[in-house]
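Down below is the structure, laid out as structure tokens.
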Amino acid sequence: MMLTFAVGDIHGQSNKLRSLLAHCEGYQGNKDARFVFIGDYIDRGPDSKGVIELLMDRQESRQDAICLRGNHEALLLDLLHGAAALYEFLLMGGDATLASYGVRKVENIPASHLSWISDLPFHYEDDYRFFVHAGIDPGKALQDQTEADFLWIREPFLSDNRRHDRLVVHGHTPQLSFLPDVKLNRINIDTGAAYGGPLTAAVFRDDESYPVTFINSDGRQFVIQEPSERDTTLT
């Protein structure tokens, strides 16, 4: 049975990422698995460079990682191509990214890293789930979504309770509870790693939609009950 580990927003927290991966691999055992990282690898935290290096190496050596683009990676590329101002990048925590590389301009980040970021896809899907950084516009079909929807949306996505073609697995909006937000139509796995919370992975099997468990970088494994149609938190 193939397992899928979906990992929330990392934001330069390389130590939390290493810890989470170790716990996930312990859970995995000898089963086949893929790891889906939903974006925001850089900014705010102390080691954006280390996070990118770890993910690039994992893709090359183990070939079990799917890395999606987040709005922070998109903003870095916008700055690189003259479509954003430096103050926007710094306001979003880009100063920590530059410091981790020991540079003052994004142009001086290693070309291999910039190329990797430029090639990041916006979404990934399997038979049951649609993985994306921020979410989708609930008023449009999946094929009609824009890059801005995938990278930046919050409302009306977060408060909309309509079912989608697949369960949407996303991040982008940090949870003050430091726990995943599990709804009938979506699961938010941004548990605030950049703000003192753990880094969290949702663990899926290929024969059912909802996670069989969650694992975080503190080594905690836990289950959040699958919501029902009567769940009043959806309204």
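Just one of the numbered conditions (1) touching a helix residue (DSSP H, G or I) at 6+ places or on another chain (Cβ under 6 Å); (2) closer than 26 Å to Asp127 by Cβ; (3) outside any strand (DSSP E or B) is not true of Arg163; which one? Arg163 satisfies every listed condition except (1).
Please go through the range 178-216 and give me each residue that is in contact with a His (Cβ under 7 Å, 6 or more places away or on another chain), surrounded by 21 or more Cβ atoms within 10 Å (Cβ to Cβ) and in a loop (DSSP other than H, G, I, E, B), ordered by number. Asp190, the sole residue that qualifies. Residues of the range 55-88 that are in contact with a Ser or Thr (Cβ under 8 Å, 6 or more places away or on another chain) and over 18 Å from Glu147 (Cβ atoms): Met56 alone.
Candidates Ser14, Ser100: the one that is within 29 Å of Asp206 (Cα to Cα), of a type in the set (S, T, N, Q) and in contact with an Asp or Glu (Cβ under 9 Å, 6 or more places away or on another chain) is Ser14. Exactly one residue out of Arg129, Arg154, Arg166 is out of contact with any strand residue (DSSP E or B) (no Cβ under 6 Å at 6 or more places or on another chain), among the basic types (Lys, Arg) and in contact (Cβ under 8 Å) with a residue 12 or more places away in the chain: that is Arg154.
Could you list all residues from the range 55-75 that are closer than 25 Å to Asn188 by Cβ, in a helix (DSSP H, G or I) and either modelled with pLDDT under 95 or over 15 Å from the mean Cα position of the chain (by Cα) (or both)?
Arg58, Gln59, Leu75
Residue-level check: of (1) more than 28 Å from Arg58 (Cα to Cα); (2) acidic (Asp, Glu); (3) part of a helix (DSSP H, G or I), Asp78 misses just (1).
The values are calculated or read from the model by the stated rules, or taken from the named source; none is laboratory data. All of these numbers come straight from a predicted model, not from anything done at the bench. Cβ sites come from the backbone with ideal geometry, for glycine too, and all protein chains shown count toward neighbours.
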